[in-house]
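Following: one structure in structure tokens, then a few remarks.
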Amino acid sequence: MNFSAYSEIWRFPAVRQAVLLGVLGKAPWFGVMVVLTLHVVGDLGQGYASAGALSAVFTVAVALASPLRGRLLDTLGLRRTLAPSLILLPLGFIAAPFLGYWALMAVMAGVGLLAIPWFVLTRQLMLAAVPHDLRRPALALDSVVTEVAFMGGPTLGIVLATTWSTGGTLTALALASVSAAAILTFINPPLVSEGRTDTAPGRGGIRSWMSGPVLTTFVATVAVSVTLAGTDLGIVAASRAMGSSTVLAVVIVVWGAGSLVGGFVFGGLPHGAVGLTPLIAGLAIFTALGALGSTPWLFAILMALAGLFCAPSIAAISERLGEIVPEASRGEAFGWQGTFNTLGSAMAPPVIGSVMDSHGWQLGLVATGAAGLALAALGWIALRLGRRGVARHRMRNA
């Protein structure tokens, strides 16, 4: 393993910018999602169903806008794409604490359409900044940064909301994320590498870069997001069954820590050392094995092992897309990846939740792992069949 690659990529200013601004932008944004629920349930006096409906509207808006936002990054560039967001998002979040439920839902729908595409941006920055042989550690580092933001942002949001106010915290966190985007816009780092050969996105739009391998990568995205969303639900259900909120905190921390370790190890591996399908299979299998966690500590250990595959799976998906999609269309491709990620995250809770309601959290985790494994197998089979079809076509025309 080549961990010196991390010191090599750190020499690039754009990498340091992506890491720093990625944390400053993503962490508050993750916090916003949690505080929004607390605000609806607390200050607005609504139920969790109403909070879930508002979150769903926001999530759908983000998913619908993500491909378009990515394409605008490809065609218009960073500054012109983010300019409307830098103007309108602060207005929406400054007004949010003073709005009733239905007005807030309408505003959050607009916010979702204009949300800063942090995940597309940081991946593009990483890929544009480093040479081809350093892409893996760069994308692994991006996944690790996202994991840190995911753990730290909601924690910060909950602390501020409980000691201050949900409305004020909502505005403060959102403005912090937008401020990071404003700094990034001012710096305006390149989203494509120097000396690229493709100068503009294909005129056919998505048809110019969509292919069998790209589609199977999107299936892999759904597999990972279904598994992670189901695991989230399983950890909460298992902790409640064990009768301890401490278990929930410990398991989430060790699960995230496992992901951090896995991400760093993956980034140090040589290209081709481990494929995407084995990583997703490992994630699914170890998630299912979490059902054997009969005690809090055993459950925490099993979830830490499952966590080892989280960040590597996400990084491997980004790595594959970066390789098979033309550079001038990467923003749109990563935008579609975000949409498929949202699709998987939305699919898992109702299905896995119903299994847990009927048969307990253990079978819910087994179902989560089985779903992820089935989707990974589906993508792998489709890719193999597609390659064989291309080979037969070439032989007939030879």
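The values are calculated or read from the model by the stated rules, or taken from the named source; none is laboratory data. Only a predicted model underlies this, so the values are computations on that prediction, with no experimental measurement involved. When we count neighbours, we look across all protein chains shown, and the Cβ atoms used for this are built from the backbone with ideal geometry, even at glycine.
Summary table
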{"quantity": "Residue among 141, 89 that alone is touching a helix residue (DSSP H, G or I) at 6+ places or on another chain (Cβ under 7 Å), farther than 29 Å from residue 248 by Cα and either modelled with pLDDT under 90 or in the same structural domain as residue 23 (by TED's automatic domain parsing) (or both)", "calculated": "89"}
{"quantity": "Any chance residue 34 is modelled with pLDDT under 85, crowded, with 16+ Cβ neighbours inside 10 Å, farther than 16 Å from residue 144 by Cα and hydrophobic (A, V, I, L, M, F, W, C)", "calculated": "yes"}
{"quantity": "Residue match in the range 120-127 (condition: at pLDDT below 90, closer than 22 Å to residue 322 by Cβ and not in a helix (DSSP H, G or I))", "calculated": "no"}
{"quantity": "Test: residue in the range 135-144 that is in a helix (DSSP H, G or I), of a type in the set (Val, Ile, Thr) and under 25 Å from residue 85 (Cα atoms)", "calculated": "no"}
{"quantity": "Unique match (being among the small types (Gly, Ala, Ser), part of a helix (DSSP H, G or I) and under 23 Å from the mean Cα position of the chain (by Cα)) among 95, 115, 103, 109", "calculated": "109"}
{"quantity": "Subset of the range 223-256 (residues that are crowded, with 17+ Cβ neighbours inside 10 Å, over 27 Å from residue 278 (Cα atoms) and hydroxyl-bearing (Ser, Thr, Tyr))", "calculated": "239"}
{"quantity": "Options 149, 138, 129: the member that is touching a Lys or Arg at 6+ places or on another chain (Cβ under 6 Å) and within 27 Å of residue 264 (Cβ to Cβ)", "calculated": "149"}
{"quantity": "Residues within the range 1-45 that are more than 23 Å from residue 176 (Cβ to Cβ) and among the polar types (S, T, N, Q), tallied", "calculated": "3"}
{"quantity": "Test: residue in the range 334-345 that is small (Gly, Ala, Ser) and within 20 Å of residue 256 (Cα to Cα)", "calculated": "yes"}
{"quantity": "Tally of residues being within 21 Å of residue 168 (Cα to Cα) and either surrounded by 20 or more Cβ atoms within 10 Å (Cβ to Cβ) or modelled with pLDDT of 85 or more (or both) across the range 47-69", "calculated": "2"}
